[in-house]
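The values are calculated or read from the model by the stated rules, or taken from the named source; none is laboratory data. Worth saying up front: this structure is predicted, and the values here are computed from it rather than measured. Here Cβ is always computed from backbone atoms with ideal geometry, including for glycine, and neighbour counts include all displayed protein chains.
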């Protein structure tokens, strides 16, 4: 009886008793969710345009944050560092296309997926070698992001909104809008969609497959940079970010592999879900459940809607 | 064709829908023991869906399937396979990672039952079972004249032979009824003749009841004892090849249309 | 053979000797259902006895003729022996014979029964059954496809042998009675020769003759019960009968039957026979295949292959013949054995081959040496149906490609005044069935049999050397010798030439028809980017003609060296627009050219060649695979070739 | 070149169904066994110290070969992907630890096998989602297992007997009067035990794979719908694959801690190890037992050698060499996918085929 009470009643009583804490939890979940969504967005971009399930997206986030901080530490001005990182990502996109994707063209999706795991290892090894493995702080102020936090008093307590989180949310929204416009209104964007639907068709329109891959990996790199800045600001810049990056996988499951809205909504579901669960149910299990709860949410989703939130039901044919 | 015309299988008032799309609409027909029954119709007429209903891959919203004189309860495909229904597929569904003999051996899966323990030791009952079923598969391979490709990975085989290996695999199940989904699609005239001969041989030698989907009317007229014609998911005609051929509705819907 | 071999003068006796001496060793194997099904001598004996009893029950009488038709299978070999046991005469027939040929033979020997392999043979026989009056029952081995046939005169093999098995003693008694009556003089088999002229003749052979000839051959090559071989040549051919029945039975060896016609090569490789028999075209084909496949190998492999093959050419034969060879050469040869010869023999399935035979026609020295230098003991033998094959064979120490060996035990040879080779042998035939006239013409009252071949015995070695068919050896207008087959063989030694027919008897000059070898020339064409859709198109290609011209001139050059043969040089030739085909009667099923038939059929072409025109149009009747007939029209170009003066003179010049 | 297949005919299905139908292969296997059982224990690997040979190369390679076999059964034969291998090894290790605690007198080999069985059960539970989901989606399910188990290894203190370090540690265990495990055990003893288990498990795996159950896995892998219509019950096939695979992985986990490392914490079982095992399978070759050996050996030995050579020969710093070996793994996987997606096993198969056809190219 006691256990049932602890599971089904007590958490809700607590939510009602301390609404300010509840709102704080929602906000934290919301910000985390936005960032999960952004990582997932990187996956989606590449998957949509090239059918590659890019396992290296989380490490791209790490690489972006790490190289940005390292450039700055070497004495390069903050905004120049950003540009350097972008140049680096363009070079990386080009190399990946040249050395890996082009060699594996027409191969099965699983093989492309595996190759991105290999890429992940290469990046980890190289980045650690070059930038070292010591965690450092993100150069938030130097990039001109607002500092400090807002406190809204409510329900007898207060809810804190970190300015950097607010910035993250705003920028995430802006990025999503830009990408949505990019995909639906610009020629390149439509080209990217054409590639995913039908490689032959895209070629006949006169778009080079190779160029598109470079572009899309570069765009994914930009998304990774943005994600890296904000996530780096929330915690330290280190390789531990990669594990957090894997959370994008359950996000994808919920939102579907090809939907930009799906990525964001999935991110929010995961972010909010795991935060609330951690705070209200976590203590029952000895806390630290954030590490796996996201996957469980995704699993539950899969069992009931194997095609994800935004996918169509498949009719199997033989 | 057997003389006493006892019904082996009967589908009654089948209705199958996918979302809003009606695939099969109130179709009923029967299959006699030992006959070759053809299902024909234009593309999208619901022929393959019908086979999928018979072997339990699709569950119709309404309708009954009677087999062996009993109404079949709702079952999973693997359970239906156990009742003695085997099939081949329109787009060859062989196990690409295996050789011909291994593919045929998969047809014996259901008849094998030695447990994990013996399997691990591959000794005693497990190996005896393996040998026993291997022998049966070799007989089928011999029957269908695919001896020379026994150890070739099926992916490396030409299309016509792949179709024959698939038939061998289905036969290895010793089925009561064999469903063939366009067994001759994409074959040249010579391969079609070979395949027709094998289908007739199977029907005669093993007495297997056969239901097949086929586009080539000449082949159907040669092979089939009776023909069901479907069009837009509905039953258009049912009878001997000659009857069907002279049926005006069929001529209008199918035979008259060049394709 | 053992000392009591003389008492073993009938096959039933040999069989019971095998059962008692080698009862548990394998006698027959057949690749079926993926593995080699095996029967020991005792098991085989049971099968044969059961079948014999079953045949008695079926009503087979002594002296009845029983046709055996089908691919090489143990069941059919047993049928031959079961027929012998019940006192009937087995008559093996070519399984690919057309209904017409079959009808002739079945009628000629008035066969009452037939044991056949499968549905195809049943269909063929039923097609002619109405015309062949005496034919009563057909027994079939493979029941596939026969379920719905009328079974009144059609019996499954298993029913017949099953009837014998379930015998309560009565049949056994009858069988024993019949067995007692069989002596060495009893007819063991009736073999139809694929006569190069006219209808085939039935050669009657006795138990004693076949066993005698087989024993002689076995003795020379030391056959034992450990030998085994794969049978794949037609059962109706005397060679297969002598080896697969005669030699195997006498030696107590093991006979392996392949799974089917498509798998022979694979099955030979699996089985690894110790004895292998192949006619020259087969050896030719194998070598061509080796060369084609090596052609596609990497440069390294090709280089190694060339190097070691050259080395083998240098010392391989000497090593095989146990002659003295330097230590370094020996070492290189054994390295070559590991790297090239061994793997090559392995790929050809000849690793375990102790003796390989070639016979039937001449073999080129180059081809012969190729195999011998690899360490394969390839030998020639000479014989004919009327002699139970074996007349002369070569001893391991004295193997050559241009001679056919010395007479084996039990054979006497002499050369008639006409130059024709004559023999008197234990294996000599009894008679031509229902043809006393032909018997008289061939075999004189002292037992000397004319071979029909012209040849002589080499004084130095004592080996026989065959020139040509005696009746084909003619004179040209100027009186010089015309030996067409000799020249044709020289032409056929080129892998690109499949068949050649020479004309020139009574003429001033020689001319020739050629058939190109489609696989060899086709391969060459592919490599040289020459497109072709059919044999006819390839045959009329200018570059192909150019190539053929080269071959012909090479032969002419060669002939010019030999004063007696230099008159046979070819002045003109043409490439025939179709392949000579047994279905059209142009060659026999054993691929011997029917010269006069061809001359008559293509009279227009021969005339054109002699007349000297450049081109000729013709229309030819052809028979398709399904037996239907049609016409083939073509315009053929005729090619002039250079001829040469006698060698001595050209050397001086 | 070495093959002389002529004359190696089969007259019984049993001969045909043997693990090594060709005589040359039998000889090859015999030679390998002699090397493993006699040559290496006596001479070690030329050029490497005996201790290094045993402790850093042979024993871990054998253990990881068992892991790779396990993962290959699942991924290569049954077609079910898993990124939870590291955690499943943890299940093996922790359950072995608990079994040894609860039954201190139980023979350690039995403990190891029991821990394999426990892992099989756990694997089966986490394999349940595979019934509904496939491909990339399954990755997520197995990652759930990975992270959940990692969490459990930290939070459930019962698993490590509530000790302060939070890790597990082996004590001396005797068998036939010999110390076979624990701090005082001899490397050679452990080598023989691990080797023998590996040989045994390889034999069992090859048996299962060639039989009915192995076929049902491959059917599911190649064409799951057809498999079901032929009568394979997906539940049985998939769960048995998860169980059998996890059995191997669990055993290897227990062996890793008690026959090699001596002690372990949760880091030994984290997700990055899962990736390494995945690499072993892919580089070695999906669906190949030989490949499992080659993959485990290459992926383990090359980085070890890189580190060793970098340290002793060039005097590089360990951190640099660590990163260098990570890059090597990444490059190796990309290269193998480009050159031969079916891994080293396929390359070996091609070589073998060439040797069989030598001197012909086809």
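Values computed for the structure shown
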{"quantity": "Which listed residue is in contact with a strand residue (DSSP E or B) (Cβ under 9 Å, 6 or more places away or on another chain) and within 14 Å of chain B (Cβ to nearest Cβ), from D:220, D:230", "calculated": "D:230"}
{"quantity": "Helices (runs of 4 or more DSSP H) contained in the range A:211-295 and holding at least 2 residues more than 14 Å from chain D (Cβ to nearest Cβ) and closer than 21 Å to residue A:26 by Cα", "calculated": "A:260-280"}
{"quantity": "Single residue of the range D:19-38 satisfying the filter (within 14 Å of chain C (Cβ to nearest Cβ) and surrounded by 15 or more Cβ atoms within 10 Å (Cβ to Cβ)) that is farthest from residue C:38 (Cα to Cα)", "calculated": "D:24"}
{"quantity": "Test result for residue D:202, within 14 Å of chain A (Cβ to nearest Cβ) and buried (at least 16 other Cβ atoms within 10 Å of the Cβ)", "calculated": "no"}
{"quantity": "Filter result for residue D:143 (closer than 23 Å to residue D:272 by Cα, within 14 Å of chain A (Cβ to nearest Cβ) and in contact (Cβ under 8 Å) with a residue 24 or more places away in the chain)", "calculated": "yes"}
{"quantity": "Filter result for residue C:562 (part of a loop (DSSP other than H, G, I, E, B), out of contact with any strand residue (DSSP E or B) (no Cβ under 6 Å at 6 or more places or on another chain) and either surrounded by fewer than 18 Cβ atoms within 10 Å (Cβ to Cβ) or touching a residue at least 40 places away in the same chain (Cβ under 8 Å) (or both))", "calculated": "yes"}
{"quantity": "Boolean, residue D:94 is in contact with a strand residue (DSSP E or B) (Cβ under 8 Å, 6 or more places away or on another chain), farther than 30 Å from residue B:95 by Cα and either part of a helix (DSSP H, G or I) or modelled with pLDDT of 90 or more (or both)", "calculated": "yes"}
{"quantity": "Filter result for residue D:235 (crowded, with 22+ Cβ neighbours inside 10 Å, within 13 Å of another protein chain (Cβ to nearest Cβ) and modelled with pLDDT under 95)", "calculated": "no"}
{"quantity": "Residue that is nearest to residue D:339 (Cα to Cα), among those in the range A:114-137 that are within 7 Å of chain D (Cβ to nearest Cβ) and surrounded by fewer than 18 Cβ atoms within 10 Å (Cβ to Cβ)", "calculated": "A:126"}
{"quantity": "All positions within the range C:435-452 that are under 14 Å from residue C:413 (Cα atoms), modelled with pLDDT of 90 or more and within 25 Å of the chain's Cα centre (by Cα)", "calculated": "C:443, C:448, C:449, C:450, C:451"}
{"quantity": "Test result for residue A:256, surrounded by 20 or more Cβ atoms within 10 Å (Cβ to Cβ), at pLDDT below 85 and farther than 16 Å from residue A:7 by Cα", "calculated": "yes"}
{"quantity": "Residue among C:274, C:288 that alone is touching a strand residue (DSSP E or B) at 6+ places or on another chain (Cβ under 7 Å) and within 14 Å of another protein chain (Cβ to nearest Cβ)", "calculated": "C:274"}
{"quantity": "Some residue of the range B:129-140 being more than 26 Å from residue C:263 (Cβ to Cβ) and more than 14 Å from chain C (Cβ to nearest Cβ)", "calculated": "yes"}
{"quantity": "Top-ranked residue in the range C:602-617 [being in contact with a helix residue (DSSP H, G or I) (Cβ under 9 Å, 6 or more places away or on another chain) and crowded, with 17+ Cβ neighbours inside 10 Å; ranked as farthest from residue C:278 (Cα to Cα)]", "calculated": "C:616"}
{"quantity": "Residue C:600, sole failed condition from (1) without any contact (Cβ under 8 Å) to a residue 12 or more places away in the chain; (2) in a strand (DSSP E or B)", "calculated": "(2)"}
{"quantity": "Top-ranked residue in the range C:331-354 [being farther than 15 Å from residue D:357 by Cβ and crowded, with 21+ Cβ neighbours inside 10 Å; ranked as nearest to the other protein chains (Cβ to nearest Cβ)]", "calculated": "C:350"}
{"quantity": "Failed criterion for residue B:156 (all others in (1) crowded, with 19+ Cβ neighbours inside 10 Å; (2) out of contact with any helix residue (DSSP H, G or I) (no Cβ under 8 Å at 6 or more places or on another chain) hold)", "calculated": "(1)"}
{"quantity": "Among residues of the range A:22-49, those that are at pLDDT below 85 and surrounded by fewer than 22 Cβ atoms within 10 Å (Cβ to Cβ), counted", "calculated": "1"}
{"quantity": "Single match in C:172, C:177 (criterion: over 19 Å from the mean Cα position of the chain (by Cα), without any contact (Cβ under 8 Å) to a residue 24 or more places away in the chain and either outside the structural domain of residue C:76 (by TED's automatic domain parsing) or surrounded by fewer than 24 Cβ atoms within 10 Å (Cβ to Cβ) (or both))", "calculated": "C:177"}
{"quantity": "Any hit, the range D:281-293, residues being on the phi > 0 side of the Ramachandran plot, more than 11 Å from chain A (Cβ to nearest Cβ) and crowded, with 20+ Cβ neighbours inside 10 Å", "calculated": "yes"}
{"quantity": "Exclusive hit being more than 7 Å from every other protein chain (Cβ to nearest Cβ), under 18 Å from the mean Cα position of the chain (by Cα) and free of Cβ contacts under 8 Å to residues at least 40 places away in the same chain, set B:161, B:144", "calculated": "B:161"}
{"quantity": "Strands (runs of 3 or more DSSP E) wholly inside the range B:1-59 that include at least 1 residues being within 12 Å of another protein chain (Cβ to nearest Cβ)", "calculated": "B:7-18, B:21-32"}
{"quantity": "Meets criteria (part of a helix (DSSP H, G or I), at the interface with chain B (Cβ under 8 Å from one of its Cβ atoms) and under 30 Å from residue D:196 (Cβ atoms)) for residue D:246", "calculated": "no"}
{"quantity": "Members of the range B:102-128 that are surrounded by fewer than 18 Cβ atoms within 10 Å (Cβ to Cβ), more than 7 Å from chain D (Cβ to nearest Cβ) and more than 25 Å from the chain's Cα centre (by Cα)", "calculated": "B:115, B:117, B:123, B:124, B:125, B:128"}
{"quantity": "Breaking point among (1) out of contact with any strand residue (DSSP E or B) (no Cβ under 6 Å at 6 or more places or on another chain); (2) under 28 Å from residue C:13 (Cα atoms), for residue C:188", "calculated": "(1)"}
{"quantity": "Test: residue in the range C:52-65 that is under 27 Å from the mean Cα position of the chain (by Cα) and either crowded, with 18+ Cβ neighbours inside 10 Å or in a loop (DSSP other than H, G, I, E, B) (or both)", "calculated": "yes"}
{"quantity": "Only listed residue being more than 14 Å from chain D (Cβ to nearest Cβ), more than 22 Å from residue C:369 (Cα to Cα) and crowded, with 24+ Cβ neighbours inside 10 Å, chosen from C:261, C:251", "calculated": "C:251"}
